[in-house]
Amino acid sequence: MKGKSEGFVREVALENEAATEIMGAQIAAILKSGDAVALSGDLGAGKTTLARAMLRALGIGEDVPSPTFTLVQHYETRQLSIDHFDLYRLEDEMEMEQLGLEDTLQTGVALIEWPDRAGPRFFADALHIELEITGEHSRRATLSGPAEWAARLFESTNS
Ligand SMILES: Nc1ncnc2c1ncn2[C@@H]1O[C@H](COP(=O)(O)OP(=O)(O)OP(=O)(O)O)[C@@H](O)[C@H]1O
Ligand SMILES: [Mg+2]
C-alpha cells in the first residue's frame, strides 16, 4: 500500500456490546507486527472492552485484566506478540520510555488506552479509535489515522 497518507476518518455506530466485539475482531484480523492501535474516550467508554475483543479474536484464551495498575500487559500468540497498555496512570515521559513501547513496535502490536497521556509525539502512525458513550449499551467509534489503515480495514474481505 503505497502513496502519501492523507489520513481518514470514519464513524461507526456500535449499537451494543456485541457490535463492539465484532469491530474488535475485524480490526484484529488485519493486525501485524509494528501496528499501534490507540484507544481513547472517557472512563467506561469501552476501550478495555474493545481491546479484550481484539485479544480474544487473536486467540488469547486467558483472562485479560485491565492494565490500569500494571500499565502494560503482555500476550503472545503463535503469530504475534501484543502489549496492551493503559497510560491513565502514567507519571511522566521517563516512565513512558521504561514501558518499552518502542521495543513492542519492533516486534509486535501495541494496543494503547489513554494514548494522550504519553504526549503528542507518540502514535502518529497508529489507528486511532475514539469511543463515545451514546446510550447505556451504545457507543460511537470514530476511527482515524493514516489512509493506509483505511485501505487495510475497509478494502479487505467482507464487513
Ligand atoms: N457497545 C458497548 N461497547 C463497549 N462497552 C459497552 C458497550 N455497551 C456497554 N458497555 C459497557 O461499558 C463498560 C466499558 O468499560 P471499559 O472498561 O471497557 O471502559 P474503558 O474505556 O476501558 O474505561 P477506563 O478508562 O476506565 O479504562 C463495560 O461495563 C461494558 O460492558
Ligand atoms: Mg480501560
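All of the numbers you see were taken from the coordinates with simple rules; none came from a lab. It should be emphasised that the depicted structure is a prediction, and the values quoted were computed from it without experimental measurement. Here the Cβ positions follow ideal geometry from the backbone for every residue, glycine too, while neighbour counts run over all protein chains shown.
From the phi of every residue in region 103-119, what ³J(HN,Hα) in whole Hz does the Karplus formula 6.51 cos²θ - 1.76 cosθ + 1.60 yield, where θ is phi - 60° and glycine or proline is x?
4, 4, 6, 6, 10, x, 10, 10, 10, 10, 8, 6, x, 4, 4, 7, x
Which GluC sites (Glu not before Pro) in region 66-111 pass both tests, a DSSP loop state and at most 16 other beta-carbon atoms within 10 Å?
GLU91
What relative contact order, as a whole-number percentage, does the chain give when Cα pairs under 8 Å and 6 or more residues apart are counted?
37
What list of ³J(HN,Hα) couplings, whole Hz, do you get for region 125-134 from phi and the Karplus terms 6.51, -1.76, 1.60, once you set θ to phi - 60° and write x for glycine and proline?
Once θ is set to phi - 60°, the couplings for region 125-134 become 8, 6, 7, 9, 10, 9, 9, 10, 7, 10 Hz.
If we count trypsin sites (Lys or Arg not before Pro) as exposed when they sit in a DSSP loop and have at most 15 other beta carbons within 10 Å, what is the longest stretch of the chain that avoids them all?
Values: sites that count: LYS2, LYS4, LYS32, ARG78, ARG121.
Formally, the longest exposed-site-free interval is 33-77.
For the chain, give the share of DSSP beta bridges that are antiparallel, in percent and rounded to the nearest 5; count only bridges with both residues there.
Here the share of antiparallel DSSP bridges comes out near 55 percent.
SER33 to THR107: extension gain in nm, 0.36 nm per residue of separation minus the Cα-Cα distance?
26.0 nm
Where does each of 36-46, 105-115 land if you order them by average Cβ count within 10 Å, highest first? Walk me through the numbers on the way to the answer.
Values: 36-46: 19.3, 105-115: 21.6.
Order by mean packing, descending: 105-115, 36-46.
How far apart, in nanometres, would the label points at ASP116 and GLN98 be if each is projected 7 angstrom from Cα along the Cα-to-Cβ direction?
The modelled label-to-label distance comes out at 2.5 nm.
³J(HN,Hα) across region 29-39 via Karplus (A = 6.51, B = -1.76, C = 1.60, θ = phi - 60°), whole Hz, x for Gly/Pro?
5, 10, 6, 9, 3, x, 7, 10, 10, 9, 10
Report the label-to-label distance for TYR88 and ASN16 in nanometres (one decimal), using points 7 Å from each Cα along the Cα→Cβ vector.
That separation, rounded to one decimal, is 2.6 nm.
Evaluate the distance, in nm, between pseudo-label points positioned 7 Å from the Cα of ALA25 and of ASP42 along their respective Cα→Cβ axes.
If labels sit at ALA25 and ASP42, their model points lie 3.0 nm apart.
Which order do SER144, SER81 fall in if you start with the one that has the fewest other Cβ atoms within 10 Å?
SER81, SER144
Quick one: which residues, 5 or more positions from PHE8 or on another chain, have an amide H under 5 Å from its amide H? H modelled 1.01 Å from N in the peptide plane, none for Pro or chain starts.
So PHE8 has HN proximity to GLY145, ALA147.
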